[in-house]
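For reference, the structure is listed below as structure tokens.
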Amino acid sequence: MKRNVVSALIAGLFSLLLPAVGLAQGQTQKTEGIELETQTLLVHRGYTEAAKQCIECHSKETPGIIENWKNGKMGHATVSCYDCHVVEKDSPMASQCEGLKGTDIYTSPMVSSKTCSKCHPREVEQFLKSGHAHLAGRPVLDIPKFQTLMYTNEGGMILGLEKGSGPNMASRAAGCQMCHGTKVELGADNKPINNTWPGGVGTRYPDGSIGTCTVCHTRHQFSVSEARKPEACASCHLGPDHPNIEIYHESKHGQMYLAHGEKWNFEAAPDTWEPGDYDAPTCAVCHMAGIGELSTTHNVNERLKWDLMHPRSELRKNERGDGEKGDKLMRKVCKSCHSSMHTNNQRDLLDNAVSLYNAYWDKAVSMKKDLKAKGLLKKDPWKDGFQELMYYLWHHTGRRARQGTAMNGPDYSHWHGFFQVFQVYKDMEDIYNHRIKTGKIEDLSTVMNSGPL
Amino acid sequence: MHPHNKPSLKGKRWWPGILVGVFLTAVCVLASGFMIEVTNTDSFCVTCHVMQPFRTAWTNAPHGGANEKGVVAQCVDCHLPHGDFVEYVSAKAYTGTRDILLNMTIDPENYAWIERLRSRREFTYDNACRRCHQNLTPTGMKTSGILAHRQYLLGTLDKHCVDCHEHVGHKNMITEIKTFYGK
């Protein structure tokens, strides 16, 4: 009996305490039946007062960002919001969020490779030498043909849309710049305007810095395992003009990744990520990893022999790398898993595919030269069947044939590649012969009816 | 030879000697420890009018004394090389002369100071930084700093101290320049 009274008293005490415990756990918001709990983080670990305040305030204001950050290695290494986002008051990108108004702390939402180089100088130095930095932004910013495509044609100036208006810029902002990057423009409050931010890997920032690391190591977790998976590359390297992820998936390498890649170890330290952690390479293994005797590199051009992107394939040189050296390095990659016979066959095959494609291209160039000399080319290439087909010859079919061969994707090398290369070439030949014979340009372009998809 | 030509001939023989003597004396005085000390202070540097905003920005920064310990690095501590004595004195003579000439010839209000910041590598020396900052991975340094400095110490980087620490030594320098020249 006595025991019953004691337990009833204890139970009563607990029931009194329960509401207090509930209150102490934090605020609970009720939104149409869904209970959302706002989490507040209190950190006491190696941060300055200002840095702690950023974390504590943002755990309420932008909890998703803080979740990603605390689950990544930045959080473990006590690299906080403050370390990457605080800039000098003098910086052209300096602004203040509501929480900072009245203080002497200035931040920027834009974080370029220059910030990352504070802790990862070697990686950024290598990255800046690659096609992922300055060269990536060139089409959007420096090449007039690309600008005509973006603004005049895609941007609807041909329909009468106002130059520089929101809809006129939409195609560039939603498409081109998301991979290539563009130059960030700032408003009066030093915040980005005109849809110039965020952007792709070659973004150019107002402080003169170039490059966005968070394209591959997405913010705010900055996961190395994420960047080592082919999906990291696939947000740009896909589609009709350079279907690298599709080529990879149909290759034996990709087949193995899709079959049991989830069991692979993507977390090994740089330079130690070796066969055994994986049993087939991802993009990062061949193009970047410190496999075998090679060192890790963030210069993705370093192991390339040919330029497989441009109208005519040439051995890489100058700012695009060193093709001879690149070939030697890539062979060292292959050596970790393949015999030299296998490697040599594969590399010879690529050389032959490049020569075959170049032969088509050189013939096309010679036909175009003739037509130009006789005044048989339209001024607007997008209304001229011959010129439009010539674009598809290199930009779509020709790239697929070459890159499909380089990465062992037979369907892309053949059906989307060389099969269409010869078809496009034959159509160009017919147009050429017709124009030479009649001395006239045909009235209509029929390209989009027969153009390769 | 006419006798009254003798003194002038003698004079001709002496003049070059006197000139060389005066020049050497000037060099010796300027290169003396006393003159080096006198011209090594911020108060001397700021006698060139254009240096004022830079001095203000320096005073507000930890290198200018705005630190808990009150340690101050003088202009020359960072802006002259601290390798050997000959390098130091010759850089000092060259820099000093150039600065005086530029001070008299440039239009400071329209001079591209901000562009000049990009060349900071040329007038801020690593051996100067390293004279004070001998241990680049001290106890208590954050992992990020250790990672970055390790690459530097291994010599695998084409980086100077000021490539990463671009605002070191002067606080809000661009603002100070703009305020001073009324822009």
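Here are a few things to note about the model shown:
- R0 of 45 Å, Cβ-Cβ distance B:Ala26-A:Glu319: FRET efficiency to nearest 0.05: 0.35
- Ranking of A:Leu186, A:Leu356 by solvent-accessible surface, largest first: A:Leu356, A:Leu186 (1.4 Å probe, protein heavy atoms only, all chains present).
- Charge context of A:Asp430, other residues only, Cβ under 11 angstrom, K/R +1, D/E -1: 0
- Within 10 Å of each Cβ in B:140-152, the average number of Cβ atoms from other chains: 4
- Fully extended contour minus Cα-Cα distance, from A:Arg347 to A:Leu42, at 0.36 nm per residue: 104.2 nm
- For region B:99-183, the relative contact order works out to 35 percent when only alpha carbon pairs closer than 8 Å and six or more residues apart are counted.
- Straight-line cross-link reach from A:Lys183 at under 16 Å between alpha-carbon atoms covers these lysines, not counting any fewer than eight positions away in the same chain: A:Lys114, A:Lys191.
- Heavy-atom accessible area per residue - chain A, 1.4 Å, Å²: 55 Å²
- The 3J(HN,Hα) values that the Karplus relation (6.51, -1.76, 1.60; θ = phi - 60°) gives for region B:110-117 are, in residue order, 10, 5, 7, 4, 5, 4, 4, 4 Hz. Gly and Pro appear as x.
- Each residue of region A:204-218 was assigned a 3J(HN,Hα) from its phi angle through the Karplus expression (A = 6.51, B = -1.76, C = 1.60, θ = phi - 60°), giving 10, 9, x, 8, x, 7, 10, x, 10, 6, 6, 5, 9, 9, 4 Hz with x at Gly and Pro.
- Among residues other than B:Glu176 with Cβ under 10 Å from its Cβ, the summed charge is +2 (Lys and Arg +1, Asp and Glu -1).
- Centre separation in Å (Cα based) which lies between region A:89-146 and region A:298-352: 31 Å
- Per-residue ellipticity at 222 nm, computed for chain B from helices alone with -39500 (n - 2.57) per DSSP H run of at least four residues, works out to -17000 deg cm²/dmol.
- With all protein chains modelled, accessible area of B:Ser32 [1.4 Å, Å²]: 30 Å²
- Spin-label model, B:Thr39/A:Asn71: points 7 Å from Cα along the beta carbon direction are separated by 6.3 nm.
- Convex hull volume per residue for chain A, taking Cα atoms only, in Å³: 232 Å³
- Centroid-to-centroid separation of region B:117-183 and region A:192-207 [C-alpha atoms, Å]: 26 Å
- Which of A:Ala359, A:Val300, A:Ala373, positive extreme of dipole for region A:297-453 (C-beta unit charges): A:Val300
- Of the whole protein surface, B:Leu101 contributes about 100 Å² of accessible area at a 1.4 Å probe radius.
- Ranking A:Asn190, A:Ile210, B:Ala112 by how far each Cα lies toward the positive end of the dipole of the protein assembly as shown (charges on Cβ) leaves B:Ala112 at the top.
- Of interest is the spacing of the C-alpha centroids, which for region B:44-85 and region A:366-385 amounts to 65 Å.
- Cβ-based net charge around A:Asp277, under 14 Å, with every Lys or Arg adding one and every Asp or Glu removing one: -2
- Accessible area of A:Leu258 (1.4 Å probe, protein heavy atoms only, ligands and nucleic acids ignored): about 100 Å².
- Debye, to nearest 20: dipole size of chain A, +1 on Lys, Arg Cβ, -1 on Asp, Glu Cβ: 640 debye
- Basic side chains Lys and Arg get +1 at the Cβ, acidic Asp and Glu get -1 at the Cβ, and with that the dipole of region A:163-267 about its Cα centre reaches some 200 debye.
- Residues A:His338, B:His149, sorted by accessible area with the largest first, give A:His338, B:His149 [1.4 Å probe; ligands and nucleic acids excluded].
- Ordering B:Cys164, A:Ala234, A:Leu444 by Cα displacement along the dipole of the protein assembly as shown toward the positive end leaves B:Cys164 in first place; charges were set at the Cβ atoms of Lys, Arg (+1) and Asp, Glu (-1).
- Carbon/sulfur fraction of accessible area - the protein assembly as shown, other protein chains in place, 1.4 Å, %: 60 percent
- Per the accessible-area calculation with a 1.4 Å probe, the total area buried between chain B and chain A rounds to 1600 Å².
- Cα→Cβ-extended label distance, 7 Å offset, between B:Thr137 and B:Glu166, nm: 2.7 nm
- A helix-only calculation puts chain A at -13000 deg cm²/dmol for mean residue ellipticity at 222 nm, using -39500 (n - 2.57) for each DSSP H run of at least four residues, averaged over all residues.
- Here A:Lys369 is the anchor, and the lysines within straight C-alpha reach of less than 25 Å, apart from those fewer than 8 places off in the same chain, are A:Lys145, A:Lys378, A:Lys379, A:Lys383, A:Lys426, A:Lys437, A:Lys440.
- The largest accessible area among B:Thr47, A:Thr152 belongs to the first residue in B:Thr47, A:Thr152, and the rest follow in falling order (1.4 Å probe, all chains).
The values are calculated or read from the model by the stated rules, or taken from the named source; none is laboratory data. Owing to the predicted nature of the structure, the values given are computational and were not obtained by experimental measurement. Using ideal geometry, Cβ is built from the backbone for each residue, glycine included, and neighbour counts are taken over all protein chains shown. Side chains are part of the model used for accessible areas, which takes the heavy atoms of the whole protein and leaves out ligands, DNA and RNA. Shrake-Rupley method; radii C 1.70, N 1.55, O 1.52, S 1.80 Å.
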